Amino acid sequence: MQGTEKKAFDTAWVREQFPSLKLQVNGHTAAFLDGPAGTQVPKQVMDAVQNYFVNANANTCGAFATSRRNDAIIASARGAMADFFNCDSNEVVFGQNMTTITFALARAIGRELQAGDEIVVTTLDHDANVAPWRALEEKGVVIRQVDIREADCTLDLEDLRRKITAKTKLVAVGYASNMVGTINPVGEITKLAHAAGALMFIDAVHYAPHGLIDVKALDCDFLACSPYKFFGPHMGTLYGKREHLERFKPYKVRPATDVSPECWETGTQVQELIAGIAASVDYIAELGRHCDSTAKGRREALQAAYRATHQYETGLLTRLIEGLQTIPGMRIFGITDAKRFDERCSTLSFRLGDHNPTKIATFLGERGIFTWDGNFYALNLSERLGVEQHGGVLRVGLVHYNTTEEVDRLLAALREFVSR
Ligand SMILES: Cc1ncc(COP(=O)(O)O)c(C=O)c1O
């Protein structure tokens, strides 16, 4: 065992990788609790983008050095995302962001749908996993929306079972809620979708920085996520089962290849950022090896990273919830029972009395604490919880580079806010 022991979570090492965590605001070190809207980026990602521009800045498939290097960078990024998803490289599609990818996929799938066919969406989801499917209503597709259980902001699985019928062609569910942190039983839901003969699309954008994705184990048909939420650049990625990527026909220009997955990547890609995607996956793997030196291959190292970050983030979440519950007027949305923390991730939303969330976010922002206010495009949920017309909620997102000191700073600032 010598030299191979599992180490405690090394926050100092983690924070050293992220140059922006040293930013100062009004004399305070910035506390980035805004991760659900986009995480900070380690220097490995910045270096990869710079390297692209210096050594590989060309379009694809040319007969010269920089173009060949660009092709190699894209191939290696596909390989990195294949390890991230646990799929084959040719099942990985790159795109501008999850929203754009999902609209394009919905349009392609919609070509095969008839009036009266049904798609199931949920009240818990970000609108990027609702609106692209609702757009198919124009051709007579019927959208059925699954409700939540308001008390703990979990999906109403009975309602979901009722809404999946013989007419269902696709079920679109988020892996984790970007507002209240609920993790949905997407493996179980995939089985229900498949039993009805429907496809399963998972929006894993919010889950990706918190938990290991395994599309083989889930057996889902499509899964989308965005590297800028897991320490990478502003882009989107899609996993699609090879048979589906080959069968469905994306809208594309005629000279572009018909070969999958490239045929799904409309126009020239942001290749410098694709270079950054590979580096973000490699950063997470490096973190895994730092936490567990026995982790060897990249997938194994990713598993080790998520094991360690899950445990660390759960500790932060526990401290945050316990602290928030002592603040008068606090209303936390979603699961607060520590025994159920495996059903949620470390993203949390609350309202504080009648205070407008923007005012709280501004107060915190002046003290160098970055949080988000509003609905974060989880519009159905904000409406369902009755907060939409009152400025939504205040959201705190904890990821593995956040610290107990930052949680304590937040709690102290909130106490100061209510006692003014
Ligand atoms: C859960 C969830 N789904 C989808 C999206 C949209 O992702 P993108 O910005 O890549 O289009 C977001 C963005 O916040 C999100 O949190």
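Points to keep in mind about this one:
- Candidate aspartates and glutamates for bridging to LYS339, where Cα separation is under 17 Å - those fewer than 8 sequence places away on the same chain excluded: ASP152, GLU313, GLU322
- Surface accessible to a 1.4 Å probe, per residue, for the residues of the chain, Å²: 41
- Placing +1 on the Cβ of every Lys and Arg and -1 on the Cβ of every Asp and Glu, with nothing else charged, gives the chain a dipole about its Cα centre of roughly 240 debye.
- Prolate/oblate/rounded call for the stretch 20-170, Cα gyration tensor, a/c under 1.5 rounded: oblate
- Over the residues of the chain, the helix contribution to mean residue ellipticity at 222 nm works out to -12000 deg cm²/dmol, using -39500 (n - 2.57) for each DSSP H run of at least 4.
- Centre-to-centre, using Cα atoms only, the stretch 359-420 and the stretch 160-180 are separated by 28 Å.
- Net charge over other residues, Cβ less than 15 angstrom from the Cβ of ASP117 (K, R count +1; D, E count -1): +4
- Local electrostatic count, GLN17, Cβ distance below 14 Å [Lys/Arg +1, Asp/Glu -1]: -1
- The P(r) of the chain has a tail past 40 Å containing 17 percent of all C-alpha pairs.
- Sorted on the mean count of surrounding Cβ atoms within 10 Å across their residues, most packed first, peptides 327-334, 345-352, 85-92 read 345-352, 85-92, 327-334.
- Rolling a 1.4 Å probe over the protein heavy atoms of the stretch 312-358, with every protein chain left in place, gives an accessible area that is 47 percent carbon and sulfur.
- Shown for the stretch 1-159: the carbon plus sulfur share of the solvent-accessible area, taken with all protein chains present and a 1.4 angstrom probe, equals 51%.
- Rounded, prolate or oblate (a/c below 1.5 giving rounded, otherwise prolate when a/b exceeds b/c) for the stretch 83-203 by Cα gyration tensor: rounded
- Burial ranking of peptide ranges 315-324, 111-120 (average Cβ count within 10 Å, highest at the top): 315-324, 111-120
- Helix runs (DSSP H) in the chain reaching 15 Å along axis by Cα, Kyte-Doolittle at least 1.0: 98-110
The values are calculated or read from the model by the stated rules, or taken from the named source; none is laboratory data. These figures come from a predicted structure and were not determined experimentally. Every residue, glycine among them, receives a Cβ derived from its backbone with ideal geometry; neighbour counts consider all protein chains shown. Ligands, DNA and RNA are stripped out before the accessible areas are found, and what is left, the full protein with its side chains, is counted by its heavy atoms. Shrake-Rupley method; radii C 1.70, N 1.55, O 1.52, S 1.80 Å.
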